[in-house]
Amino acid sequence: MNAPPIARHLPLRSSCHLGMIVACLLTAGTGSAADVTKQLPGFLTTHCTECHGGKEPDAGLSLDKLAVRFDEPAVATHWVRVHDQLVAGEMPPKKSKDKRPDAAEVTAVTTWLSEQLHATSLARQRSNGRALVRRLNRVEYENTLSDLLGIPIHVRDLLPEDGAVGGFDTVASGLDISSTHLVRYQQAAERALMAAVPAAPAKLLRETVTGKQWFERVHPNIKKFAGTSYVAEGEIGVMYQRDVHGDTDLRSKEMPHTPGLYRIRLTAAARNTAGKPLPLKLVWEGVQAESRLSHLIGYRDVPAGAPTTLEIIVDVPAQHAGRHNIVVQAITLPPVPRESGQDQTPPDPKTAPALEIHHYDLDGPLAGWPSAGYRRLFGELPCEPRSYVDARAAGKPVPTDEWKNWNAERFIKDPVIPFTSDPQGEAKRLLSAFLPRAFRRPVEPALVEYYVRFAHERLGRGIEFAEAMRATYRAILCSPHFLFLLSKPGALDDHALAARLSYFLWSSMPDDALRALADSGTLRQPAVLRAQVERLLSDPKSERFITRFADQWLGVQNVLAMKPDDVYIEYDDHLGAALAPETRLYLAEMVAKDLSVTAFIDSDWTFLNQRLARHYGIPGVDGFEFRKVALKPEYHRGGVLTHAGILKATTNGTYTSPIKRGVWLLEQILGRPAPPPPPDVAAVQPDIRGATTLREQIEKHRALTECAGCHAKIDPPGFALESYDVLGGYRTRYRTPGPGEGVKGYLEKLTTYPDLKPVWFVAAVDATGVTESGDKFADLTEFKRLLLREPEQVARTVARKLMTYATGADLQFADRQVLDQLTVAVKTKSYGMRSIIHALVLSRVFVEQ
């Protein structure tokens, strides 16, 4: 296991401490490694092995048997722990009766240990590499297929879940491979090839309607609705909402039957909304077991005023093709109140909010025929139904192109396939062009010849050209050269460097421009690397990096893992959908503007939409599209610490946990992870009735000797975040389903949701605390000020997380020097996020293996 950069605390509780070892060694007057090695066993026996020796050594650390050597990873790990304990001031404990060694002694011995550990770790990297072989995770595999074939590919659902190390699914040691993987890769490759070379031409969907035509199609009995929920103004349809859904849905007349990209153009305007936009929701809608089910695609806003054309691209995967409609819903038109004896009170067209529908166009799939995937695999070879190809081979006349008008069922028995009069020659030509792109590097002739023989052998057995090539391509897409990122110890060659860079910032293969630089041998030049980082970050594909890094580092991927308890009545799907985008957009802004990592702690801005702004109690944010919003102190927001998505992800959906949130902040933001709890200590179980607060229960818990040290670190940040509930809403009292017996409760309405029913509140929240170093704080605002005293520590943590994510290996001791250098280098850039990425890419750990 690779050692972390900051101390992992050893719960040593004896009067013999590692610090005394150091003190004794230094007072012996020895300075060389050889002298220390000779004298160390005696000092250990005299001063430490009473507690850290024998059959049951304290903390499981048997110093009487610990070899003084650093070239064995298991032994070196113990010495790393010794080093880190001393650097952190953990050993000897402050409460120890033994005399503590002075600072100069500690510095001397930790310097010596650091030199030994660094030298052996670096030598091990130079000989063995950090991560010579790393399998693509399932997201990278899917993205690589999509970029290689030039069409959207959806296969991750076929592949097993990937393991995570250090929080990331990009680390080689967590990406094992099994027989299950091999079977699933065959299935995934086959699905990708079928998507790239479909058996039938795309069934085009072209639909254009005016607002009036749409409404007449959906509601033939138009007189019933005219003047109530619908008004026709020439070809414009003006829609007033009767119900939340139903009468306000825009859906295609036919379902999209062919997977691919579809374009919606909606020309519309919001009317009578006081200048505010009118949000629309896009969903997949289908009928299953006689129930109408919908799945969210996304949101768009229709501006007020003059008609605006919204262009929306929807990726229709195979699981939705032919099964679901793409539906557009106007979700915030206020329903008209019902009155007794009336279906619904007619709206006043002069004042009631409405959606003007001018035109609705649906067009797709956009790839054309043959698709980009076909051209990547078969170039410009023509394609025809198999019966036509067989006729050509037999020298028979071939009909005209009338097959392009066949119905879909006919292609089941007579699929479209590529054909050529020179199958062996074409196989070699196509494979020679495809393999360097698929394997992300120049391919040696012997390997090209292997796959050419693979195809020729099948052709020789009478297998038709299309099937022989499909089998060969399938083998390529399941090859270790495709599935793994492969390199040698030492400096990465330019193609391995190109792959590392593209999988870091795009989660996918290098594009043609990056491959061309690698071919020229100029990529590793600092100026070229810097320019490529800028190019890749400016490309829309960098959104993959933003999403995956934010999700895994900050835990945003878990935001919807657990539904909140019913006591949180304000939760709905719109709020759930708004939680993750805030953090992702926040990180994207920091990268784009090179903002300081201190913004993770605090800021006077964030990204909100109407639903999330309401949750935060922030006025003036209209529409469901996100935008950058200025924050005021009274909003109690700023930095990712107060993002509702992160606050929700660090709870279990029923109650908040200062311990869980404290551990998260220490690990993800400060890089000072807390050790795991002792196995024989029970977890704190909150009293949801409100009879006792969680703080009171934790205070009893930390009274245990074995728990006190860790809780001194964990509790302060956890308590500082207690002013935020399970959904990340700001609170001053704890909420409960109902107060317990003898507990004073308050039935009150939520400040930000005055339209909802009252809920029960009990004891007041106490967000005060004292840090391990003795600094007091009254709330999160004051705690943030304490955190901002050490921006270099936050920068170091961010750099370490990026290093782990980007290089496929968790931190090793030799990497600490690189982190030190990197942190110093970006100080002049105010620890800017983009600057850290640049510095990492130019560092030794990135350009070497």
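From the set of residues in the stretch 794-832 that are over 23 Å from the mean Cα position of the chain (by Cα) and more than 25 Å from Gln125 (Cβ to Cβ), which is least open to solvent (accessible area, probe 1.4 Å)? For the stretch 794-832, the residue satisfying everything is Ser830. Looking across the stretch 385-409, the residues that are open to solvent by 80 Å² or more (accessible area, probe 1.4 Å) and under 43 Å from the mean Cα position of the chain (by Cα) come down to Lys404, Asn407, Glu409. Whether a residue is part of a helix (DSSP H, G or I) and on the phi < 0 side of the Ramachandran plot was assessed, and Asp519 passes this test. Among residues of the stretch 109-140 being farther than 14 Å from Leu175 by Cα and of a type in the set (Gly, Ala, Ser), the one that is surrounded by the fewest Cβ atoms within 10 Å (Cβ to Cβ) is Ser127. The set of residues in the stretch 453-465 being surrounded by fewer than 23 Cβ atoms within 10 Å (Cβ to Cβ) and in contact with a strand residue (DSSP E or B) (Cβ under 9 Å, 6 or more places away or on another chain) consists of Glu464 alone.
Looking across the stretch 548-570, the residues that are open to solvent by 50 Å² or more (accessible area, probe 1.4 Å) and in contact with a helix residue (DSSP H, G or I) (Cβ under 9 Å, 6 or more places away or on another chain) come down to Gln557, Asn558, Leu560, Ala561, Met562, Lys563. One residue is enough: does the stretch 369-390 have a residue meeting the conditions closer than 30 Å to Leu492 by Cα, of a type outside the set (Asp, Glu) and at pLDDT 90 or above? Scanning the stretch 369-390 turns up at least one residue that is closer than 30 Å to Leu492 by Cα, of a type outside the set (Asp, Glu) and at pLDDT 90 or above. On the basis of being closer than 23 Å to Tyr635 by Cα, in contact with a Gly (Cβ under 6 Å, 6 or more places away or on another chain) and open to solvent by 30 Å² or more (accessible area, probe 1.4 Å), does Thr768 make the cut? When the stated conditions are applied, Thr768 does not pass them.
With the condition kept exactly as written, say whether any residue in the stretch 314-331 is open to solvent by 40 Å² or more (accessible area, probe 1.4 Å), modelled with pLDDT under 80, assigned to a loop (DSSP other than H, G, I, E, B) and not basic (Lys, Arg). No: zero hits.
Checking the stated criteria, Phe545 turns out to be among the aromatic types (Phe, Trp, Tyr), in contact with a helix residue (DSSP H, G or I) (Cβ under 6 Å, 6 or more places away or on another chain), in a helix (DSSP H, G or I) and under 29 Å from Glu792 (Cβ atoms). Starting from residues that are among the aliphatic types (A, V, I, L, M) and outside any helix (DSSP H, G or I), keep the ones in the stretch 412-438 and report whichever is farthest from Leu148 (Cα to Cα). Of everything passing the filter in the stretch 412-438, Val416 is farthest from Leu148 (Cα to Cα). Could you list, in sequence order, the residues of the stretch 141-168 that are open to solvent by less than 10 Å² (accessible area, probe 1.4 Å) and not in a loop (DSSP other than H, G, I, E, B)? Across the stretch 141-168, the qualifying residues are Tyr141, Thr144, Leu145, Leu148, Leu149, Phe168. Taken together, Leu575, Leu523 contain a single residue that is open to solvent by less than 10 Å² (accessible area, probe 1.4 Å), under 30 Å from Val762 (Cα atoms) and either touching a helix residue (DSSP H, G or I) at 6+ places or on another chain (Cβ under 6 Å) or β-branched (Val, Ile, Thr) (or both), which is Leu575.
The values are calculated or read from the model by the stated rules, or taken from the named source; none is laboratory data. Just so we're clear, the structure is a prediction, and the values are computed from it rather than from any experiment. Positions of Cβ are generated from backbone atoms using ideal geometry, with glycine treated the same way; all protein chains shown enter the neighbour counts. Accessible surface areas use protein heavy atoms only, side chains included; no ligands, DNA or RNA. Shrake-Rupley method; radii C 1.70, N 1.55, O 1.52, S 1.80 Å.
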